[in-house]
Amino acid sequence: MTMRIANHKSLLILVFVLASWITFAIIQNSTKLRTVFKLPFSLHHWSFVMKTHPEAPLNPIVSPTETALRIKRITEKLDQLIPPRPFTKVSSTTSATHSRATLLSPRDTYCRGDQLDVLLEVRDHLGRRKEYGRDFLRARMSSPALKAGASGKVTDFNNGTYLVSFTLFWEGQVSLSVLLIHPSEGVSALWRARNQGYDRVIFTGQFNRGTSQVNTDCALVLNSSAELCEYLDTRDQEAFYCMKPPYIPCAALTHMHSKNKDISYLSKQERSLFERSNVGVEMMAKFDAITVSKCNSEKTVPVKRKCKFGMAPTIPSGHVWKDTWNPVSCSLAAIEMKECLRGKFIYLLGDSTIRQWMEYFKSHINSMPLSELLLTSLSETSFSFQGEKGIWGMPLSYFLITAHQHFSQALKSVDLHESGKFQKQLAVDLNENINIQWQKHSYPLIGSLTYSVKEIEYIAQVIDRIGGEKNTIIVISLGQHFRPFPIDVFIRRALNIHDAVQRLLLRSPDTVVIIKAENIREMNVDMERFSDFHGYIQYLALKDIFQDLSVGIIDAWDITIAYGTNNVHPPQSVVRNQINILLNFIC
């Protein structure tokens, strides 16, 4: 028995010594082992790279070098989408008039739910068939009388032919449209020109010097040997510069405005492609409207699930009918705004297209039609005074008291002692515990009107200050102000916001984060600076950057195409439908 115990102890000692030796060998030769077995330096990083929806790293701080590599990878992807298309004569560029559209499998009547395909063969101004693609096209179907519209899906075969597919969502007379926004040669020229310079917009900074002000030039990049003020975010490596005024500290910068600089990186011949008459030219002008019928009345329409995060995107993402947005893959309910927002803290961060949401909330969250207010008042009382002048048998004094009680519970603006269109806005309803605020994004912020920069900060910095929880809603929108600048400026900003959202979701996974894509805009703007092509490229980059995070996407790009607004600030009906998507996401 003693011998067995001794042997058992000896065996344990031997195992312990062997394990210790193996551990020591691994530690001393870990680099060699990784090389032999081709292991990643960090197993968690391997998981992050390989998963479709990767887990957030435990310490998501990204080095400047890594950020530069991420920007380079995304830019290279975009470069592949936009090959150079030099041309010597405008006659060799794509012509909407000479191109040919053919309806595949034409019929007298089409059925609702069918797909209608159009084959598009593009030709140049001399009628010669093009042998390459990458024209910037916009397909749309519409029924103005029904206030209905939807985008079409364009498939580029990269040989001068395109397949344009329309899903027939509704019954009635439907018009089909394919616009040549820019020929491929114009697209190539815009992409090259965009990435050549940072000086299409001049910023003027105002510095305070006692009771007077001094103005100097400011920019994202300033090529000057003079002394500069550098406003640098050291972590995210985003910077803005101003010429330093003599004897005034850099911290005295208080206001900013901008204007377009008289400069172009396009040749005279290239600029001719962007004259208004050459932008957004119809390629299906000879096509008559088609008739869409219900056809199979017995066919059961599948019940859609309520819209929520994580649903796979579709092309198109939905359609407008009777001025109301209807997603393809899910259903939107009509949600009472104040009830939904009760107890919520909403941050609207970005440009003026999300400021429209703020203005809509303030004007509609309290709105109750007079007739509804009267009915509410009547339902709360059963008496009337025949001898007293009143409303519907109700005393005027009682109606006024009811109205006062209703509007005293309104969403009220808080004076933050700023001025101008870019001023920070805050509105609260203390009774319902609703708090909504809008805050502009940081430079570049284009505006001819002077705006304060005393409290200007990057969206990533704002997000890092937010604690977050299930009743915290963050909506981010940016893009329009970045169009005149090289794409790396937008990509860096989007990556920094992505990383800030990633950090937020680590500490508060229940926080709701929504990305609102850009709206399409007017076709009579300076195309070199503000073309929708620039917006479309940013739209693609934004979706690629945020695809790994649990955030909601409001596809304002597709929605505004469906509405056919062509307005950077679309009408209230469009804003209402964008906000209704938000309400369905959170309630």
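The values are calculated or read from the model by the stated rules, or taken from the named source; none is laboratory data. Small disclaimer: the values here were computed from a predicted structure and weren't measured. Cβ sites come from the backbone with ideal geometry, for glycine too, and all protein chains shown count toward neighbours. Calculation scope for accessible area: heavy atoms of the full protein, side chains included, ligands and nucleic acids excluded. Shrake-Rupley method; radii C 1.70, N 1.55, O 1.52, S 1.80 Å.
Given the range 471-587, what strands (runs of 3 or more DSSP E) lie entirely inside it while holding 3 or more residues that are under 22 Å from THR324 (Cβ atoms)?
In the range 471-587, 552-554 are the strands (runs of 3 or more DSSP E) which contain 3 or more residues that are under 22 Å from THR324 (Cβ atoms).
Of the numbered conditions (1) open to solvent by less than 50 Å² (accessible area, probe 1.4 Å); (2) more than 21 Å from GLU455 (Cβ to Cβ); (3) charged (D, E, K, R), ASP217 satisfies every one except a single condition; which is it?
The one condition ASP217 does not meet is (1).
Determine, yes or no, whether LEU416 is open to solvent by 40 Å² or more (accessible area, probe 1.4 Å), at pLDDT 75 or above and closer than 30 Å to LEU220 by Cβ.
The answer is yes for LEU416.
Within the range 228-238, take every residue that is out of contact with any strand residue (DSSP E or B) (no Cβ under 8 Å at 6 or more places or on another chain) and open to solvent by 50 Å² or more (accessible area, probe 1.4 Å) and give me the one that is farthest from VAL201 (Cα to Cα).
Among those residues, the one meeting the criterion is ARG235.
Considering TYR563, TYR539, which residue is at pLDDT 95 or above and surrounded by fewer than 22 Cβ atoms within 10 Å (Cβ to Cβ)?
TYR539
Table: residues versus (1) part of a strand (DSSP E or B); (2) at pLDDT below 95; (3) out of contact with any His (no Cβ under 8 Å at 6 or more places or on another chain).
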site	(1), (2), (3)
PHE207	yes, no, yes
VAL214	yes, no, yes
SER225	no, yes, yes
GLU230	yes, no, yes
PHE240	yes, no, yes
GLN269	no, no, yes
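How many of the residues making up the range 309-329 are open to solvent by less than 20 Å² (accessible area, probe 1.4 Å) and assigned to a strand (DSSP E or B)?
4
Is it fair to say PHE485 is closer than 29 Å to ARG194 by Cβ, modelled with pLDDT under 95 and crowded, with 19+ Cβ neighbours inside 10 Å?
no
Any chance the range 100-113 includes a residue that's open to solvent by 40 Å² or more (accessible area, probe 1.4 Å) and under 32 Å from the mean Cα position of the chain (by Cα)?
For the range 100-113, residues open to solvent by 40 Å² or more (accessible area, probe 1.4 Å) and under 32 Å from the mean Cα position of the chain (by Cα): present.
Does ASN496 satisfy the condition of being more than 27 Å from GLU275 (Cβ to Cβ) and open to solvent by less than 10 Å² (accessible area, probe 1.4 Å)?
Taking the combined requirement at face value, the residue satisfies it.
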